[in-house]
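The values are calculated or read from the model by the stated rules, or taken from the named source; none is laboratory data. Worth saying up front: this structure is predicted, and the values here are computed from it rather than measured. Ideal geometry is used to build each Cβ from the backbone, glycine not excepted, and the neighbour counts take in all protein chains shown.
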Amino acid sequence: MNVDDLLNDKGEWLRCTGPNSDIVMSSRIRLARNLSKYPFSHWASKKEQQEILQISKKAVASSKKIKSSLCLDMSKLDTLDKQFLVERHLMSREHTVNAENKGLCIGEREVVSIMINEEDHLRIQVMKSGFDLRDAWHIINDIDNELGGSLPYAYSMDFGYLTACPTNTGTGMRASVMLHLPSLVMTKQIGKVLQAITKLSLTARGLYGEGTEATGNFFQISNQVSLGHREEDIIDNIERIIKQIIDHEHSAREALLSQNRSVLEDRIWRAYGTLKSAHIISSSETIDLLSLVRLGVDLNLIGKLDRALINELFIITQPAHLQKIEKKKLNPNERDVKRAQIVRDRLGIK
């Protein structure tokens, strides 16, 4: 198995099989772990980074739960492959920089991925479809316990797991949920919602996490601080707040249907019509239009489309995916043409 094989594999989190999949695209748990007796990645020497990489890869290879993982040496990947893996949410943008002595291990169905020598020695991630933080948490706990049996984690009885960034110290856990909130955006309630979650120690980011803005009405909401909080408390807090946001989005959708149905239908069908007929389309316009079409599917205004297909289109129309599909580099204009063709084909318009 190699990077190209991932192109033909629909990741677990895109399948729309989890709870509340009409609003929640994915749930993710990430753990930051470091090895004792080694400096944090940014301070480690090249020799130390190489040792960390080899020790970590060996632990993954001997793991019963993730031993069949695809383990990649980042220094051997070209720029396109790295961007492709970022687009699939398997690693961070930061992991593409200074790739020497960095690794990435990817489990079956892309549920599990482990970055080696990112900001921390290990960034273990589990992603599930829909609102399913609990299952993601159980999976990652099992993996963490298994890896911790062979790797000497840096741990303090006073502070918990030691991490490069102080905000991750403690449990080292970041729990996040990717939400599609078009109705809260349309009804101009999203600002109040985002202000409220900030006061509750949560933060909102865009489709590709830290440093990205919300596009396509997608918001990634996660805990800000790990220190001083138990894993159970972090999960309980974010679940409680996400449930409230889901309720608000449902209410906003009902309001739009009851008060502005004709306007809403017009926007959705215009978006669908543009996607079906466009021969040149940018990435940002595609995401915005797919967001409206996905809302139409969720509200049964467009009955013949599958939500999982729309989810897949969000990913495969990204720049690196387009070039992987075409098996060559494309300039921006060529990507816009290829993107439009793929959307038309997937929507049944040749």
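A few points about this structure:
- Cross-chain or 6+ apart pairs with Cβ under 6 Å, region 283-307 first and without any contact (Cβ under 8 Å) to a residue 24 or more places away in the chain, then surrounded by 16 or more Cβ atoms within 10 Å (Cβ to Cβ) and not acidic (D, E): L289/A271; L289/T274; L289/L275; V297/L305; V297/R307
- Enumeration of residues in region 221-235 that are buried (at least 18 other Cβ atoms within 10 Å of the Cβ) and either of a type in the set (S, T, N, Q) or outside the structural domain of R205 (by TED's automatic domain parsing) (or both): S222, N223, S226
- Residues of region 297-324 that turn out to be among the hydrophobic types (A, V, I, L, M, F, W, C) and part of a loop (DSSP other than H, G, I, E, B), as a count: 4
- Unmet requirement for L80, which otherwise passes all of (1) surrounded by fewer than 21 Cβ atoms within 10 Å (Cβ to Cβ); (2) in a loop (DSSP other than H, G, I, E, B); (3) of a type in the set (A, V, I, L, M): (2)
- Residue in region 85-100 that is assigned to a helix (DSSP H, G or I), in contact with a Pro (Cβ under 9 Å, 6 or more places away or on another chain) and either among the acidic types (D, E) or surrounded by 20 or more Cβ atoms within 10 Å (Cβ to Cβ) (or both) present: yes
- The residue that is surrounded by the fewest Cβ atoms within 10 Å (Cβ to Cβ), among those in region 36-67 that are in contact with a helix residue (DSSP H, G or I) (Cβ under 8 Å, 6 or more places away or on another chain) and more than 17 Å from G149 (Cα to Cα), is P39.
- Within region 139-195, being under 29 Å from L289 (Cβ atoms) and aliphatic (A, V, I, L, M) holds for V177, M178, L179, L181, L184, V185, M186, I190, V193, L194.
- The set of residues in region 1-27 that are surrounded by fewer than 22 Cβ atoms within 10 Å (Cβ to Cβ) and outside any loop (DSSP other than H, G, I, E, B) comprises V3, D4, D5, L6, L7, N8, E12.
- Residue check for I268: touching a Gly at 6+ places or on another chain (Cβ under 8 Å), at pLDDT below 95 and surrounded by 15 or more Cβ atoms within 10 Å (Cβ to Cβ): no
- When residues of region 115-169 are limited to those that are at positive phi and either within 23 Å of the chain's Cα centre (by Cα) or part of a loop (DSSP other than H, G, I, E, B) (or both), the one surrounded by the most Cβ atoms within 10 Å (Cβ to Cβ): N117
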